[in-house]
1. Can you tell me which residue among 116, 132 is in contact with a helix residue (DSSP H, G or I) (Cβ under 8 Å, 6 or more places away or on another chain) and surrounded by fewer than 21 Cβ atoms within 10 Å (Cβ to Cβ)?
2. Provide a single number: the residues in segment 33-90 that are touching a helix residue (DSSP H, G or I) at 6+ places or on another chain (Cβ under 8 Å) and not in a helix (DSSP H, G or I).
3. Show me the helices (runs of 4 or more DSSP H) found entirely inside segment 119-221 where at least 2 residues are touching a strand residue (DSSP E or B) at 6+ places or on another chain (Cβ under 9 Å) and modelled with pLDDT of 80 or more.
4. Of everything in segment 135-148 that's surrounded by fewer than 21 Cβ atoms within 10 Å (Cβ to Cβ) and closer than 16 Å to residue 16 by Cα, which residue is nearest to the chain's Cα centre (by Cα)?
5. Counting only residues that are within 22 Å of residue 121 (Cα to Cα) and touching a helix residue (DSSP H, G or I) at 6+ places or on another chain (Cβ under 7 Å), how many does segment 91-109 have?
6. If a residue has to be within 21 Å of residue 12 (Cα to Cα) and without any contact (Cβ under 8 Å) to a residue 12 or more places away in the chain to count, how many in segment 42-101 make the cut?
């Protein structure tokens with residue numbers, strides 16, 4: 001069995017788990033609809049929602065193919081992920097006073113998050129370990145890279161009812177991340193420790209409208225989404241096999 005502490009994929013996943021745990025613990029210090037509590041839960045929801053979407057996009061398809069008992073394990077994790085997304089979504093409705101949300105106290109909604117989250121994270125660690133045991137070194141690096149990129153561009157809000165089967169899941173990933181980005185701009189929702197918003201370079205017509213010279217055009221940086229389409233071209237070395 002592979003050492004879980006030194007592999008690329010488990011390192012990415014464990015770092016995400018530590019980040020999520022730190023944000024959720026900070027948010028749990030507030031009991032009620034205080035502004036500080038809303039901000040901290042917003043930060044935790046953003047990071048957690050992005051991680052859930054990234055796992056569905058980058059890791060679960062590989063787990064179905066390569067992990068021991070992959071399809072059944074992935075199905076269980078998807079159910080656990082839906083439970084987490086529903087709990088976070090319900091809590092956000094209570095914190096922000098959604099008129100159509102079921103009427104319950106904020107404290108009860110907060111208490112419902114931790115059990116389903118702990119169950120999900122434990123199952124995810126086990127799934128990732130099973131996946132690592134079934135991958136070669138180059139395959140694991142490829143999955144780890146895809147997960148890292150997906151965590152930078154995934155949805156920023158919980159979506160418990162997204163389709164699970166390709167190609168609808170890929171369409172939902174793209175739609176949700178763009179829709180959430182629009183809502184975040186409209187709500188001026190900038191969560192702490194969340195990914196920075198992608199800026200679009202000003203084009204020629206933009207410079208005409210703003211009166212800026214073309215020499216002030218900033219260098220264009222490839223969008224992270226383009227990296228997900230690039231196959232891992234690094235040759236596998238003899239020592240990469242598990």
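The values are calculated or read from the model by the stated rules, or taken from the named source; none is laboratory data. Quick caveat: nothing in here was measured; it's all calculated off a predicted structure. Methodologically, a virtual Cβ is constructed for each residue, glycine included, from the backbone with ideal geometry; neighbour enumeration extends over all protein chains shown.
1. Sole residue among the options that is in contact with a helix residue (DSSP H, G or I) (Cβ under 8 Å, 6 or more places away or on another chain) and surrounded by fewer than 21 Cβ atoms within 10 Å (Cβ to Cβ): 116.
2. Looking only at that region, the number is 4.
3. Here the list is empty.
4. Looking at residues that are surrounded by fewer than 21 Cβ atoms within 10 Å (Cβ to Cβ) and closer than 16 Å to residue 16 by Cα, I get 148.
5. Count: 3.
6. 2
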